[in-house]
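Heads up: the structure comes next, in structure tokens.
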Amino acid sequence: METQNLKQRTTRDEPPTTTNTTVVDNTSRRNGDDDKSDKGARQKRITMAKRGLKSLGVAVSIPIIFTLTNIYMFGTSDTYKLSNRPNWVPPIWALHMTCLGSAFLLGLCGWIVWAEGGFHKKPNALGLYLGQFGLSLLWDPIVFKMGANWAGLLVAVGLCWALFRCYKVFKQVNEMAADLVLPCLGWAGLLAFVNLKFLLA
């Protein structure tokens, strides 16, 4: 009897070794899975950031390239240089630099709206964006090369209207993109006043 009791006590007191090892194995597996998922999520974020930078570069560079080409082909005018300008009318080099700045801001606005899915949610946003871009490219050849100041005034007023509509639509998608349109709208208003000056001179 005593030997049987001793055997039973020793077997009862022994800790289960197999369950401890399985618990350690499970936790190590979980840590390994977490590390893999963290690395995968980090890699996805890096690739998405690279794609975002590429699309931003394209969205900004296309308007700037078109504006530079437009300035190179149509951006000189002897009558503008020789005219007696008031102080609020910028010289021709400042006019072109501000046109480039406006193209950069509008490219950035378009990218923000595109990234937010605004061109899909608001189909008229893309038409307004392309319309204002086309009108901004028309102003130089109409005013500087053709000398059609009345037509230039109509283009400038149309540009103001298109930018104002872009502001209203972009505000429904992203407020920062809408705020970036405001300096471009002010610049288009100045172009309209420059046209008025040419007409009244």
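The values are calculated or read from the model by the stated rules, or taken from the named source; none is laboratory data. Computed from a prediction, not measured in an experiment: that's the story for all the values here. When we count neighbours, we look across all protein chains shown, and the Cβ atoms used for this are built from the backbone with ideal geometry, even at glycine.
Brief remarks on what is shown
- Pair list, Cβ under 6 Å, 6 or more apart: region 170-183 residue over 21 Å from CYS99 (Cβ atoms), other residue acidic (Asp, Glu) and modelled with pLDDT under 90: VAL173/GLU116; ASN174/GLU116
- Residue within region 117-132 that is at pLDDT 90 or above, more than 17 Å from ALA59 (Cα to Cα) and among the aliphatic types (A, V, I, L, M) present: no
- Residues of region 174-192 that turn out to be over 18 Å from GLN132 (Cα atoms) and in a helix (DSSP H, G or I), as a count: 2
- Here ILE112 qualifies as more than 18 Å from PHE66 (Cα to Cα) and among the β-branched types (Val, Ile, Thr).
- Taking the criterion of being within 22 Å of the chain's Cα centre (by Cα) and either at pLDDT below 75 or surrounded by 15 or more Cβ atoms within 10 Å (Cβ to Cβ) (or both), the residues of region 65-91 that qualify are PHE66, THR67, LEU68.
- Residues in region 147-164 include at least one that is under 18 Å from the mean Cα position of the chain (by Cα) and within 18 Å of PRO63 (Cα to Cα).
- Residues of region 113-136 that are assigned to a helix (DSSP H, G or I) and surrounded by fewer than 19 Cβ atoms within 10 Å (Cβ to Cβ): ALA115, PHE119, HIS120, LYS121, PRO123, ASN124, LEU126, GLY127, LEU130, GLY131, GLY134.
- Qualifying positions in region 146-168 - aromatic (Phe, Trp, Tyr), in contact with a helix residue (DSSP H, G or I) (Cβ under 8 Å, 6 or more places away or on another chain) and either outside any helix (DSSP H, G or I) or without any contact (Cβ under 8 Å) to a residue 40 or more places away in the chain (or both): PHE164, TYR167
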